[in-house]
Structure formats: C-alpha cells, structure tokens
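Report on the following structure.
The values are calculated or read from the model by the stated rules, or taken from the named source; none is laboratory data. Everything numeric in this text was worked out from a predicted model, so none of it was measured. Every residue, glycine among them, receives a Cβ derived from its backbone with ideal geometry; neighbour counts consider all protein chains shown.
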Amino acid sequence: MSAKKLLLLFLVAAFLIALAMVGVAHYFLRPLKAEAVAQEALKQAGLEVREASYGLELIPKAPKALLAFYPGARVEPLAYAPVLAPVAEAGYLVVLLKVPSGIALLGKERALEAHRAHSGLPWVGGGHSLG
C-alpha cells in the first residue's frame, strides 16, 4: 500500500473515531428528563413558576429568602420540583438552576445570577450530589 493511501486511511479512521467519541459524549452528557409527576407538583403547589435564563423559579406570594438549588449530574432541574415545591410553599423563593450539559461544576456562577436578580433577599445555595 502506498504512503498516500495509508495516510488517507489513517485520517479517515481518526475522523471516524473522533466522531464516535463526540456521539458517545453527547449521549452520556444529556440530562435525564423529569417525569410527568414533576409538572403536576408545580400545578398543585399554587406557586408562580417563572422561567429565567439561569433557571426555573418557584415563587411564593411573599418570599423571605432565596434558595438557589444545583441539580445532580445529568438530572433535569424540573425533576426536583416535587421535593422543593413545599419549600417554596413555606415562603422561600426556590430557583432550580440550569447548568450546562447537566453538570453543576460547569455552571458554578448560576447561583450568583439568581442572587443578582433577587438581590433584596437573603440567600443560600444548595444542591444534590455534585450540585
């Protein structure tokens, strides 16, 4: 086999391997979707729900503090609605933060964005797993 054909074969193989790696990374870094019960929890809670650039806000009538919540790795933030809706009902503005690729470490500044949007409230950050 000539050197040109060998080089071409090597480049095609390297491209296919790189393409496969990107596909596998995309598959495994996709956040897992929330179940329908999460949407139902928001409807039943009687809270104002607002979508913001940094996350999903669960807003009580008169919030006394802000909870910025980082989701666990690869978990859609909405999945935490059934657990955190009672916290919002107790008077705390809960922000379920959106993070890039479902990995909290890649969106570590999102809580600060939520705090800037609600700077008049005392705040606390929390999360699940690596969140």
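Here ALA88 fulfils each of the conditions (1) over 24 Å from GLY107 (Cβ atoms); (2) assigned to a helix (DSSP H, G or I) apart from (1).
Apart from one condition, PHE15 fits all of (1) assigned to a helix (DSSP H, G or I); (2) touching a residue at least 12 places away in the same chain (Cβ under 8 Å); (3) not charged (D, E, K, R); the exception is (2). For segment 99-131, a residue qualifies if it is surrounded by fewer than 18 Cβ atoms within 10 Å (Cβ to Cβ), part of a strand (DSSP E or B) and small (Gly, Ala, Ser), and the qualifying residues are GLY126, GLY127.
Only one entry in ALA79, ALA62 is surrounded by fewer than 18 Cβ atoms within 10 Å (Cβ to Cβ), out of contact with any Leu (no Cβ under 6 Å at 6 or more places or on another chain), among the aliphatic types (A, V, I, L, M) and closer than 17 Å to ARG50 by Cα, namely ALA62.
If you go through segment 29-78 and pick out every residue that is in a helix (DSSP H, G or I) and touching a Ser or Thr at 6+ places or on another chain (Cβ under 6 Å), you end up with 1.
Yes/no matrix, rows are residues, columns are (1) within 21 Å of SER129 (Cα to Cα); (2) in the same structural domain as ARG116 (by TED's automatic domain parsing); (3) at pLDDT below 90; (4) surrounded by 15 or more Cβ atoms within 10 Å (Cβ to Cβ):
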site	(1), (2), (3), (4)
MET1	no, no, yes, no
ALA14	no, no, no, no
GLU48	no, yes, no, no
TYR54	yes, yes, no, yes
GLU57	yes, yes, no, yes
GLY72	yes, yes, yes, yes
LEU97	yes, yes, no, yes
